[in-house]
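Heads up, the thing below is written out as structure tokens.
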There are 2 protein chains.
Amino acid sequence: MINDHEIKNLFPLFERKLLEEIESNAEIIEYEEGEDLIKSGQNIKSTMLIKKGLVKIYREDEDGNEIFMYHLEPGQACALSILCAVQHKTSEIKATAVKPTEVYAIPVHLVEQWMKEYKSWYQFILSTYRSRFEELLNTIDAIAFKNMDERLVMYLKKHSEISNNKTITVTHAQIAAELTTSREVVSRLLKKLAERGLIKVNRQNIEIINLD
Amino acid sequence: MINDHEIKNLFPLFERKLLEEIESNAEIIEYEEGEDLIKSGQNIKSTMLIKKGLVKIYREDEDGNEIFMYHLEPGQACALSILCAVQHKTSEIKATAVKPTEVYAIPVHLVEQWMKEYKSWYQFILSTYRSRFEELLNTIDAIAFKNMDERLVMYLKKHSEISNNKTITVTHAQIAAELTTSREVVSRLLKKLAERGLIKVNRQNIEIINLD
DNA sequence: CACTAACTGTGACATATATCACCATATTTT
DNA sequence: AAAATATGGTGATATATGTCACAGTTAGTG
């Protein structure tokens, strides 16, 4: 087992034995681009480790408004799925695959059990909590203290960085939904950025010239 | 040792041995009403368990704006202080005692060590992360999806509940700072609530009639 | 190729909140 | 008691964002 070493590269800090446990106990689930890993209000019974692809995490309210919180990349775990799974509670969270994605789904009881058995697992879970905590604080900063133009620039930077691409493929309406504003506002702010020569706005995508 | 049993009541789930460890290793620090346990940008070298009193946690930005996030009561721990301490990072967090407060300050290395040695400690730390996570999500909901009038009502309810008192002693300016708005806005919204008979506005305090 | 749906641009207007100016009271200090 | 300070009330106005209406443009489909 563990012949392809893929999992070893994803989680370099895990003990060999833990990697084997994952391989033999985790179910691998595949999601298409645009498919939801977690829907708002759904009961979660396992924790997801991202194997491949890219996932975006949103908070949703009752009226269907959503706000983008952060990305999950290969080698990361969904803190919310741990949180919800362990507490057996639903949470108003949405996780959407933005690329074709594969995850290791770990049953809750193993998440708990491994905490005691594997030091590297417990460190991984804690560091997951820590980093997601930081992301949430950044989200709060943005919506509490920043104007929409600043938040838009942050959005563009972040998405360019994470997809490793100067060109972001997204519609104005999508950006608006994720920043909880309206399409018109996004279009106008994008236009202003374009007028200042910082970006180039095309149909379905935005090219970043210089946002530093 | 552990003769007064105070600590046992605060942390009923901790093993006897862990309680003894806390008693012999934790420094007890007292704070006056209004004093800061953590100032923004400060380096944190220990984790705080609340022994007595009441603490409010704020997020601050560079310009001195602050937003209230949540309360800490006796028997709870500051998740941020764990997070920051372990990572040896500063964080733009403010923790202020709103009543005379006493805390157990636990050196970081013990926080880490006890995680391995005491099951109840590790469960406590995890549940601290979980509950603070939920609080942050609620904060995000409020500022992303709610108008100021709704947020004001939430603020009043929460503060009444946590102080177990229908009358909240606070100035309009204070509320404004914690909700990141202006005093005038708070005064006007309070007036509207008073006109609807839901609260009574006095100088320095607000009496809740019925906000359900 | 025509038709439809999705995406984008833009003016006009509505609304919530922020800011300013100033006054009125209440409380504390001298 | 007088003065200084903290707190609260209110109108006028500014600004950012939200909403509506509608038109133009592109991509995909039959």
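The values are calculated or read from the model by the stated rules, or taken from the named source; none is laboratory data. Keep in mind that this is a model prediction, so the values were computed, not measured. So basically every Cβ, Gly included, is an ideal-geometry build from the backbone, and we count neighbours across all protein chains shown. For the accessible areas, the whole protein counts, side chains as well, though only heavy atoms, and no ligand, DNA or RNA atoms are used. Shrake-Rupley method; radii C 1.70, N 1.55, O 1.52, S 1.80 Å.
Some values worked out for this structure:
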item	result
Within region A:192-212, considering residues that are within 12 Å of A:ILE168 (Cβ to Cβ) and among the hydrophobic types (A, V, I, L, M, F, W, C), the one surrounded by the most Cβ atoms within 10 Å (Cβ to Cβ)	A:ILE199
Single residue of region B:151-197 satisfying the filter (of a type in the set (Asp, Glu) and more than 8 Å from DNA strand C (Cβ to nearest atom)) that is farthest from B:LEU211 (Cα to Cα)	B:GLU178
Enumeration of residues in region A:143-174 that are of a type in the set (A, V, I, L, M, F, W, C) and either within 14 Å of chain B (Cβ to nearest Cβ) or open to solvent by 70 Å² or more (accessible area, probe 1.4 Å) (or both)	A:ILE143, A:ALA144, A:PHE145, A:MET148, A:MET154
Residue within region B:175-188 that is within 16 Å of DNA strand D (Cβ to nearest atom), over 23 Å from B:ASP61 (Cα atoms), open to solvent by 10 Å² or more (accessible area, probe 1.4 Å) and more than 9 Å from chain A (Cβ to nearest Cβ) present	yes
Pairs where the first residue, in region B:123-142, is more than 7 Å from chain A (Cβ to nearest Cβ) and the second is part of a helix (DSSP H, G or I) and open to solvent by 10 Å² or more (accessible area, probe 1.4 Å), C-beta under 7 Å, 6+ apart	B:ILE125/B:MET115; B:ALA142/B:ARG151; B:ALA142/B:MET154
Single residue of A:ALA79, A:ALA95 found to be touching a helix residue (DSSP H, G or I) at 6+ places or on another chain (Cβ under 8 Å) and under 17 Å from B:LEU126 (Cα atoms)	A:ALA79
Positions within region A:41-91 being assigned to a helix (DSSP H, G or I), more than 27 Å from A:ALA142 (Cα to Cα) and touching a residue at least 40 places away in the same chain (Cβ under 8 Å), in sequence order	A:ALA85
Members of region A:160-179 that are under 17 Å from the mean Cα position of the chain (by Cα) and within 25 Å of B:ASN138 (Cα to Cα)	A:GLN174, A:ILE175, A:ALA177, A:GLU178, A:LEU179
